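These notes are about the structure you will find just below.
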Amino acid sequence: MSKQYYRICFCFRRRFRLAAAEAPADIKEIFDEYSENGVMSVDHLRRFLVEVQREENATTEDAKDVINETRHFNVFHRRGMNLEAFFKYLFGNANPPISVKSGVHHDMNAPLSHYFIYTGHNSYLTGNQLSSDCSDVPIINALQRGVRVIELDIWPSSAGDDVDVLHGRTLTTPVQLIKCLRSIKEHAFTASEYPVIITLEDHLTTDLQAKVAEMITQTFGDMLFSPGPESLREFPSPESLKKRVILSTKPPKEYLKAKVLESKESDSKNERNSATEARGKDVESFKAKLDSNKDRDLDEDVDEEDEDDDEYHKSQQKAAPEYKRLIAIHAGKEKGGMQEWLRVDHDKVRRLSLSEQELEKAVITYGKDIVRFTRRNLLRIYPKGVRFDSSNYNPFIGWLHGAQLVAFNMQGYGKSLWLMHGMFRANGSCGYIKKPEFLLKDGSHGEVFDPDVKLSVKATLKVRLYMGEGWYYDFRHTHFDAYSPPDFYARIGIAGVPADTIMKETKILEDNWIPNWDEVFEFPLTVPELALLRIEVHEHDTSEKDDFGGQTCLPISELRKGIRAVPLHSRKGDKYNSVKLLMRFEFV
């Protein structure tokens, strides 16, 4: 790695000298302070772990384990670590910014409504919302990442005798429901033992509902949590539902129009024809629908819950009874407008769904009502209908008002999805994060949390970005620039309440695969409990759009103090093999 050549033209090449990664000056000073005669002993290292890394409970055995782990660096010293081994330890995989040893450490015995839950939207789609394939593969990928809420849109098959999963009113190709259910059973608890919620968008006839009930019962058996057809008075806890599957749905719109469609034929035949006809027309009128959507509000989506409770109960009378018994979390809207939708009933709990635009409008007038509603009930937010490319929205609008189920297109990518991945790195990546107390209770003066009110600073996060490395190994040498090594810069900031949200940039370091920025940033935080540290690296390009070099988001509530190696991820959220940053975190 000492030299690298770039072609300038047909006959000439330009040579660049490549330096190996070297410990920054501050790291050398720390090593000198905690070593003797160029060697850091076990006692020296334990003192470093306590005083610099703020690992107050670090023992001599912990220090011995760290030193033993440096043996594979081929720089092992029998009395301890030299500078090279110390630097490699700090920049290694055994020194992450979030502890992997702490595991699940939130109180998991509160009702489900007290948690943010890792939630997917249209979990079966492989790509865009209009024409991509439907498959169980993205469901498996989501579960393996730790997603706990899987959404399935269920429709009659083309023959009308089976159940498919597909995005209605589009050209997406279907996948059989039974295949999705079996994949959920197989992979539900590989990443987390905590419950998986299946939200069904139901467009079925009564006979097919009965068939779905049989599929679900036979597939999940005792794994299924089904308290009966009555609404729960309070949600159970994630701890009590470990390794259980929960069903949540509402009745299909087809039944609400059943009286209009009634004729001399039997009800069952009429309902079957109605559902099949609706599905056929949706596909056929796809292009016309897109054209008409240009001139109207596209905030509507087929999973909107615009049935009120009266209609809900009427339609439930038509639903298959065996299907009704499996629904543990009832979804629906009260009769009336937003104020009625957000009414808290102390005799039952339920799930309410709002589109992202409905939420944005609602928080202006009903922000406090939303927070109160989400203390007992579940609020699901879903992307607006025009997000055909499977993009997402700002999840903090929902989280800051207590919404538990901020539903995202996990097959997409972008900054919003990076925030989602970052939030659920907390609590051992189990998919459930306990909401802070101020979202669950009134304040000392009876006030309800308002994210737009600027509060006093609780803590100031001091971040020192030393350097980065690994791009040389994970990318082709001409990936960023065809004529020279990359010119990296970093963006570091906070995502959270409006008062805390900010992004800052480092200087650009030219022609360097191992950028050594050594810059310090400070971030005052008014609500650190809901803040994420955002980190991005880009390669500066004067003639074109800057190239992407990696990203990560880290929950500040779980950030380990001290000097840490921060791995970076791709646009899609996959961790790079080698790319990481060396950073120091302090609260001042």
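The values are calculated or read from the model by the stated rules, or taken from the named source; none is laboratory data. Because the structure is predicted, anything quoted here is derived from the model rather than measured. Quick reminder, even Gly has a Cβ in these numbers, built from the backbone with ideal geometry, and neighbours come from all protein chains shown. The accessibility values were calculated without ligands, DNA or RNA, using every heavy atom of the protein model including side chains. Shrake-Rupley method; radii C 1.70, N 1.55, O 1.52, S 1.80 Å.
State whether one or more residues within segment 174-191 are under 20 Å from PRO395 (Cβ atoms) and modelled with pLDDT of 95 or more. Within segment 174-191 (the criterion being under 20 Å from PRO395 (Cβ atoms) and modelled with pLDDT of 95 or more), the answer is yes, since at least one residue qualifies. Take GLY431 and tell me if it is buried (at least 22 other Cβ atoms within 10 Å of the Cβ), at positive phi and touching a residue at least 24 places away in the same chain (Cβ under 8 Å). In short, yes.
The requirement of being open to solvent by less than 50 Å² (accessible area, probe 1.4 Å) and either among the polar types (S, T, N, Q) or not in a loop (DSSP other than H, G, I, E, B) (or both) is not satisfied by TYR473. Would a scan of segment 184-191 turn up a residue that is in a loop (DSSP other than H, G, I, E, B), open to solvent by less than 10 Å² (accessible area, probe 1.4 Å) and within 13 Å of ASN122 (Cα to Cα)? No, the conditions are met nowhere in segment 184-191.
Here's the yes/no breakdown for (1) in contact (Cβ under 8 Å) with a residue 24 or more places away in the chain; (2) over 29 Å from LYS434 (Cα atoms); (3) surrounded by fewer than 20 Cβ atoms within 10 Å (Cβ to Cβ); (4) hydroxyl-bearing (Ser, Thr, Tyr):
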{"residue": "GLY496", "(1), (2), (3), (4)": "yes, no, no, no"}
{"residue": "LYS504", "(1), (2), (3), (4)": "no, yes, yes, no"}
{"residue": "ILE508", "(1), (2), (3), (4)": "yes, yes, yes, no"}
{"residue": "ALA531", "(1), (2), (3), (4)": "yes, no, no, no"}
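Taking the listed residues THR205, THR170, THR126, the one that is in contact with a Leu (Cβ under 7 Å, 6 or more places away or on another chain) and either over 20 Å from ASN409 (Cα atoms) or among the hydroxyl-bearing types (Ser, Thr, Tyr) (or both) is THR170, with no other qualifying.
I'm trying to understand the selection: among the residues of segment 453-470, which are open to solvent by less than 40 Å² (accessible area, probe 1.4 Å) and in a loop (DSSP other than H, G, I, E, B)? If the condition is that a residue be open to solvent by less than 40 Å² (accessible area, probe 1.4 Å) and in a loop (DSSP other than H, G, I, E, B), then GLY470 is the only one that fits. Pairing residues of segment 556-581 that are hydroxyl-bearing (Ser, Thr, Tyr) and part of a loop (DSSP other than H, G, I, E, B) with residues that are surrounded by fewer than 19 Cβ atoms within 10 Å (Cβ to Cβ) and modelled with pLDDT of 95 or more, at Cβ distances under 7 Å and at least 6 apart in sequence or on separate chains, gives SER570/TYR576. Which residue is farthest from GLY80 (Cα to Cα), if the candidates are limited to segment 18-51 and must be aliphatic (A, V, I, L, M) and in a loop (DSSP other than H, G, I, E, B)? Among those that are aliphatic (A, V, I, L, M) and in a loop (DSSP other than H, G, I, E, B), it is LEU18.
Among the residues making up segment 216-231, those that are within 30 Å of SER429 (Cβ to Cβ), open to solvent by less than 30 Å² (accessible area, probe 1.4 Å) and not in a strand (DSSP E or B) are ILE216, THR219, PHE220. State yes or no: is VAL406 assigned to a loop (DSSP other than H, G, I, E, B) and among the aliphatic types (A, V, I, L, M)? No.
Restricting segment 544-577 to residues that are open to solvent by 30 Å² or more (accessible area, probe 1.4 Å) and in contact with a Phe, Trp or Tyr (Cβ under 8 Å, 6 or more places away or on another chain) leaves a set whose member that is nearest to ASP481 (Cα to Cα) is ASP547. For segment 567-588, a tally of residues being in contact with a Ser or Thr (Cβ under 6 Å, 6 or more places away or on another chain), closer than 26 Å to LYS28 by Cα and modelled with pLDDT of 95 or more returns 1. Quick check on ARG476: is it more than 24 Å from the chain's Cα centre (by Cα) and at pLDDT 95 or above? In short, no. Counting the residues of segment 363-403 that are of a type outside the set (A, V, I, L, M, F, W, C) and assigned to a helix (DSSP H, G or I) gives 10.
For segment 561-588, name all the residues that are out of contact with any helix residue (DSSP H, G or I) (no Cβ under 6 Å at 6 or more places or on another chain) and among the hydroxyl-bearing types (Ser, Thr, Tyr). Result: SER570, single match. With respect to being touching an Asp or Glu at 6+ places or on another chain (Cβ under 9 Å) and open to solvent by 40 Å² or more (accessible area, probe 1.4 Å), ARG351 falls outside the description.
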